[in-house]
Amino acid sequence: MFNLEIFSPIQPWQHPLFAEKGLNVFIKRDDLIHPLISGNKWRKLKYILQKAHSINKNHLVTFGGAYSNHLLATAAAAARFGFASTGFVRGEEVQNDTLFLCRLHGMKLIFVDRDTYREKQVLYERYFGDDQRAYFIGEGGASAEAVQGCAELVDELPISYNHLFCACGTGTTAAGIITGLSQHKLPTQFHAVPVFKNGNFMRNEIDRYLPFKADYTLHTKYHFGGYAKTSPELISFIQSFVATTGILIEPVYTGKMLYALYDQVIKNRFTPGNNILAIHSGGIWGLLGMKEKFM
Ligand SMILES: *Cc1c(COP(=O)(O)O)cnc(C)c1O
């Protein structure tokens, strides 16, 4: 019932450096799943929507920053599958392209200051405690249902890759893919790229969803100063990537993850003949909040 037909082809990323090192690098285009419910956001929402529906809820309530891909994906998914939606937005009232698209899809927005925002359960109770048909979705959709949905990505892989790269915000997508790799007994080395400063905490965030001890690599040095921070080097990497591949990426998640992969190639971390897969987790609307960085 709650299904999108998954269109997520795997395409080669051709680059003279990869040819020189004898590496085959590919990108899984989860960004093509849906223009707004894109990439990992659809995978994360799929079983959340099913659960909400199964317990007779018809109103999705969730949380995010003013440029949140999760808010936008939830608004679009709610519209597509017949739910009402409300988004609590962190910070003072603003207008931007992301929030415009949320509203266009019928999402009601409630702006709350940062301290109030932190107490999500309290906020939810205050506004929706009496609404029997409202359904709480945590920030970023982080949940066991989201992990289950992301694990399905691995069902779609045609070969066993030596390495797999993925950007991390809450770490839910990473936990899902690691779960999928383990279910399929694949020997693939997983590389998680947190987009925050001090990303070591991400290991706890990922591991708490895993019923086993997973061996994966956490790359904590590719945050470029912190969440949504950039540098001229990252921007020029993105510009060159987009201009030479025709694949749109953005600086918050996919730009940092692909930069990490590229930098690991430069540092000779892979064996010639290796097949390396990067997950394009979508989120390209994030570019709209960062236009000035490209000028
Ligand atoms: C939300 C998002 C992520 C982070 O996913 P988590 O499951 O929270 O780690 C990664 N990439 C993109 C493009 C996103 O929008």
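The values are calculated or read from the model by the stated rules, or taken from the named source; none is laboratory data. If you're wondering where the values come from, they're calculated on a predicted model, not measured in any experiment. Neighbour counts run over all protein chains shown; Cβ positions are idealised from the backbone, glycine included. Just the protein is used for accessible areas: all its heavy atoms, side chains included, with ligands, DNA and RNA removed. Shrake-Rupley method; radii C 1.70, N 1.55, O 1.52, S 1.80 Å.
For an R0 of 45 angstrom, estimate the FRET efficiency from the Cβ-Cβ distance between Ile159 and Arg114 and round to the nearest 0.05. After rounding to 0.05, the efficiency reads 0.50. Split the accessible area of the chain by element, probe 1.4 Å, and carbon with sulfur accounts for 51%. Note that the chain, at 4 °C in a medium of 1.567 mPa s, gets a Stokes-Einstein diffusion coefficient of 66 µm²/s from its Kirkwood radius over C-alpha pairs. Charging the Cβ of each Asp and Glu at -1 and of each Lys and Arg at +1, and nothing else, the dipole of the chain about its Cα centre rounds to 260 debye. Partners of Lys46 within straight-line reach, counting lysines whose Cα lies under 20 Å from its Cα and excluding those fewer than 8 residues away in the same chain: Lys28, Lys57. Summing +1 for each Lys or Arg and -1 for each Asp or Glu among the other residues whose beta-carbon sits under 15 angstrom from that of Lys21 gives 0. Annotation: per residue accessible area for the chain equals 44 Å², rounded to a whole number [probe 1.4 Å, protein chains only]. For the chain, the membrane-span-like helix rule (DSSP H, alpha carbon extent of at least 20 Å along the helix axis, mean Kyte-Doolittle at least -1.0) picks out no helix; this says nothing about an actual membrane. Report note on the peptides 226-233, 65-72, 126-133: ranked by the mean count of other C-beta atoms within 10 Å, highest first, their order is 65-72, 226-233, 126-133.
In the stretch 1-139, taking the dipole from charged Cβ atoms about the Cα centre, the farthest positive-side position among Tyr124, Leu49, Phe63 is held by Leu49.
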